[in-house]
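Computed from the coordinates by the stated procedures, all read-outs in this text should not be read as laboratory data. What you see is a predicted model, and the numbers here were worked out from it, not measured in a lab. Counting neighbours? That spans all protein chains shown, and the Cβs are built from the backbone with ideal geometry, glycine included.
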Amino acid sequence: MRHALAIAAMLLVGACAGATEEKALTPGTMTARFVTGGLANVIVVDTVDRLPLRQAVLVSPDGERVPAYSIDVDPRPATAQIPGEATLLATPGAPRRSAWINTMASTALILLPDPVQYAKNWRNSRIELKFGDPGGELSEATLAAPAAPSS
């Protein structure tokens, strides 16, 4: 009897430890950053929106425009568990019901043409974003440029 209880407890703890909580995606989230330990001359722009990101452009104080060299869009980045489902006591391997969250997660990469010049003027730079598809709903947003990485 003790062994059965011990095994049941280990299975329950193992099931809880194996469960991963999905990253919460909040529509309207937009960030621009440099990746720590990554390329010091690439700005990473992450967005979560109902519409796909179609353009990201770094605009310097003198009007120079540097478009993103890569834009990736994930049209189904997350699902949400339907409320009321008992996750803790669910049988391991049992199917879970989930619903699609109507968002798209996008990532754009902008290569700095001159990192030294950017470090001097980043406070006066901005990133212009365009969302949507031609013939459909369109929207635009502007982000402050991220602080230049430390040397």
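Packing here is the average count of other Cβ atoms within 10 Å per residue, and on that basis the peptides 134-142, 41-49, 113-121, 56-64, highest first, run 41-49, 56-64, 113-121, 134-142.
With each label modelled as a point 7 angstrom along the Cα→C-beta vector, the residue 55-residue 26 pair spans 2.9 nm.
Put a plus charge on the Cβ of each Lys and Arg, a minus charge on the Cβ of each Asp and Glu, and nothing anywhere else: the dipole of the range 100-145 about its Cα centre is then about 280 debye. Annotation: for a label point projected 7 angstrom from Cα along Cα→Cβ of residue 74, residues of the range 38-67 with backbone N closer than 12 Å are 47-48. Per-residue Cβ neighbour counts within 10 Å put 125, 70 in the sequence 70, 125, beginning with the fewest.
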